[in-house]
Amino acid sequence: MRLWVLAALVAMATAQLVNKNVNRVVDLTTQIAKVTAEVEVENSGASVVDTYEVVIDPSAVKHLSFISVSEHGNELAVRTTSAGVYEATLSSSLSNGGKTSLVVTTTFTHSLEPYPRAINQPDNQLVRFHSNAYYYSVYSTVEQFSKFNLGSSKIESFTPRSPSNKESQTVKYGPYSNIPAKTSAKVTIHFENNSPFLTVTNLKRIVEVSHWGNIAVEEHYQLSHTGAKLKSQFSRLDFQRNPIGAPTAVKSFRTVLPASSKHVYYRDDIGNISTSNLRETDDANELEIRPRFPLFGGWQTKYYIGYSVPSYEMLSHSGQNYKLEFPFVDHSYDNLVIDEAEIRVILPEGASGFEIVYPNYEIVRGADEKIKTYLDTFGRPVLVFSAKNLEENHIKNIEIYYKFNPIMLLQEPLLVVIAFMVIFASVIIIVRLDFSISVDENKEARQRVAYLVEELFNNTGKIKSGVSDETVELLASVKAKKDGKHFKNVKKEVDALYKTLTDESAAVTKKIASLSPSLSDRVAEFNRREGDRKALLTSISALAEKVLGDKISKTTCTEQENNLLAKLYNAQTAIEDSLAAL
């Protein structure tokens, strides 16, 4: 009984409104059919009416993507009452005789049918559009007029319905008078349309939020050319020779990114695509997407783009309350069509209490997920949203409200500090532990020999610098000044140092031989070469004494000095080789 009453009330409200005049413009210049109807509405009944019902032609319901109703430039709230039926709430109620002007905007995707369905590479694309010559409404219409803008003067045919006519790039129907409610008059327009028929069959968008000042966005596209399919084989030669000879091919398109976007990349499964260009402007960054091959009807490609924006562009907060606001979908290319879109929002670990404010179209929220990335402990929350049949009018912001304790920002730095502390402590403990069951005497002997050899190296170096070099300099000093007293003092000091160092070296070599008998021969060789050096140093001192006593000529002295210095150099080199052999 209640349903009958409700139906009667609806029927009465419907009968009260009349479309006094309708001026409908259908834009078919792109792959999207955009319908704008300017409607003058009058309440001819006795009751007050505060809603206007919009009904979509049943044949076009499956193609409907977007609907909006505005009154005097102000957009009205629109709700769905059933499939293809929408109700707009007027800004003010209409009493008897009241009038208002409305603008009903609808867009339809995949409503332009390529005909023929397959064409050759140089052919133009022809499409058919099926529509209603009348404005389809639940209200009677006093007078109406429809104009179809085609964007091409090549019109193959159109369904005549008097009065109707073709003018240049338009087809006009009407004016028609006194059209009853829900009247249908099917018409078909067959015309040329070479605009890009690009469709994103699947879009996966990932928005990863960081409270450290960055929001990363990555978008994965499955892109298809849904125009007339390529009938013949693709000729790269013909395409290179005459690119404009393939009017339906899509060579590139433009993606608009936020003006603050940075670190932009464009890649596919093979890797980075270097044919893209990024142009920065004050309002936005424009990324020219150029696929690896031109897209013809029936062809498809996959790619993904990514970029980062500063957090303040999309994120704001007051205390622990945060608001994330960003476009649900973005401007991927002109006259965008998206069949399916999935948006995944990755929030910081510890975020909770989610509240969503959706734009004015249908978005489905999936089950929340968790994802673990670097330095996470219990995972980051992931909000999943999906929508279908989207176009440019759906580029509207979604708002996500959540709570987050700022103290959680310290979690990751503390984890890094603790991890390094654990590593350092573990290394310190492990290095100091001795896991051997018994003492390795050979290993200890080798270590002691290595220490002794190092000590022998040091002594040998001291002999070279403190004895050999001093003796050579003493000879040069004697030749220059013949100062006997200075000679005796310095020689005494050098001899004393030499004796000390050679005694220490002898003790070291003795220990080496006892710890490692296998090195006895090498130790003996070292001692022999050290004896050779001692003899040469004695000869140099004797030469200096001859110079003091004027017992040798200058020429003979120089010859003997050069000979002794050469032998001394060879002897010291041989000593170093012996040490290296130990």
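The values are calculated or read from the model by the stated rules, or taken from the named source; none is laboratory data. The structure displayed is predicted, hence computed values, not measured ones. Reconstructed Cβ throughout: ideal geometry from the backbone, glycine too, with neighbour counts over all protein chains shown. These accessible areas exclude ligands, DNA and RNA; they are computed on the full protein's heavy atoms, side chains included. Shrake-Rupley method; radii C 1.70, N 1.55, O 1.52, S 1.80 Å.
Look at (1) more than 60 Å from the chain's Cα centre (by Cα); (2) free of Cβ contacts under 8 Å to residues at least 60 places away in the same chain; (3) under 13 Å from LEU582 (Cβ atoms); (4) open to solvent by 20 Å² or more (accessible area, probe 1.4 Å) and you find that SER516 fails only one, number (2).
Residue by residue through region 151-171, note down the ones that are touching a residue at least 24 places away in the same chain (Cβ under 8 Å), open to solvent by 50 Å² or more (accessible area, probe 1.4 Å) and either touching a helix residue (DSSP H, G or I) at 6+ places or on another chain (Cβ under 9 Å) or assigned to a strand (DSSP E or B) (or both). I'd like the intermediate steps shown before the answer.
Keep residues of region 151-171 that are touching a residue at least 24 places away in the same chain (Cβ under 8 Å), which gives 151-152, 154-159, 161, 164, 171.
Then drop every residue that is not open to solvent by 50 Å² or more (accessible area, probe 1.4 Å), which leaves 154, 156-158, 161.
Residues satisfying the conditions are GLU156, SER157, PHE158.
Residues checked against (1) hydrophobic (A, V, I, L, M, F, W, C); (2) touching a Gly at 6+ places or on another chain (Cβ under 8 Å); (3) loosely packed, with under 15 Cβ neighbours inside 10 Å:
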| position | (1), (2), (3) |
| --- | --- |
| TYR333 | no, no, no |
| ALA341 | yes, no, no |
| VAL345 | yes, no, no |
| PHE354 | yes, no, no |
| VAL364 | yes, no, yes |
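Flag: LEU501 does not match the condition of being open to solvent by 40 Å² or more (accessible area, probe 1.4 Å), out of contact with any Asp or Glu (no Cβ under 9 Å at 6 or more places or on another chain), under 17 Å from GLU470 (Cβ atoms) and hydrophobic (A, V, I, L, M, F, W, C).
Which is touching a helix residue (DSSP H, G or I) at 6+ places or on another chain (Cβ under 7 Å), open to solvent by 10 Å² or more (accessible area, probe 1.4 Å), touching a residue at least 24 places away in the same chain (Cβ under 8 Å) and of a type outside the set (Val, Ile, Thr), of ASN202, ASN214, ASN194, ASN178?
Details: ASN202 fails: touching a helix residue (DSSP H, G or I) at 6+ places or on another chain (Cβ under 7 Å); ASN194 fails: touching a helix residue (DSSP H, G or I) at 6+ places or on another chain (Cβ under 7 Å); ASN178 fails: touching a helix residue (DSSP H, G or I) at 6+ places or on another chain (Cβ under 7 Å).
When all the criteria are applied, what remains is ASN214.
Looking across region 412-461, the residues that are hydroxyl-bearing (Ser, Thr, Tyr) and either more than 17 Å from LEU515 (Cβ to Cβ) or open to solvent by less than 80 Å² (accessible area, probe 1.4 Å) (or both) come down to SER426, SER436, SER438, THR460. Pairs linking a residue in region 36-56 that is in contact (Cβ under 8 Å) with a residue 40 or more places away in the chain and under 12 Å from SER93 (Cβ atoms) to a residue that is surrounded by fewer than 21 Cβ atoms within 10 Å (Cβ to Cβ) and among the charged types (D, E, K, R), with Cβ atoms under 8 Å and 6 or more positions apart or on different chains, are ASN43/LYS99; TYR52/GLU87. Of all residues in region 240-268, those that are touching a residue at least 40 places away in the same chain (Cβ under 8 Å), part of a helix (DSSP H, G or I) and open to solvent by 70 Å² or more (accessible area, probe 1.4 Å) total 0.
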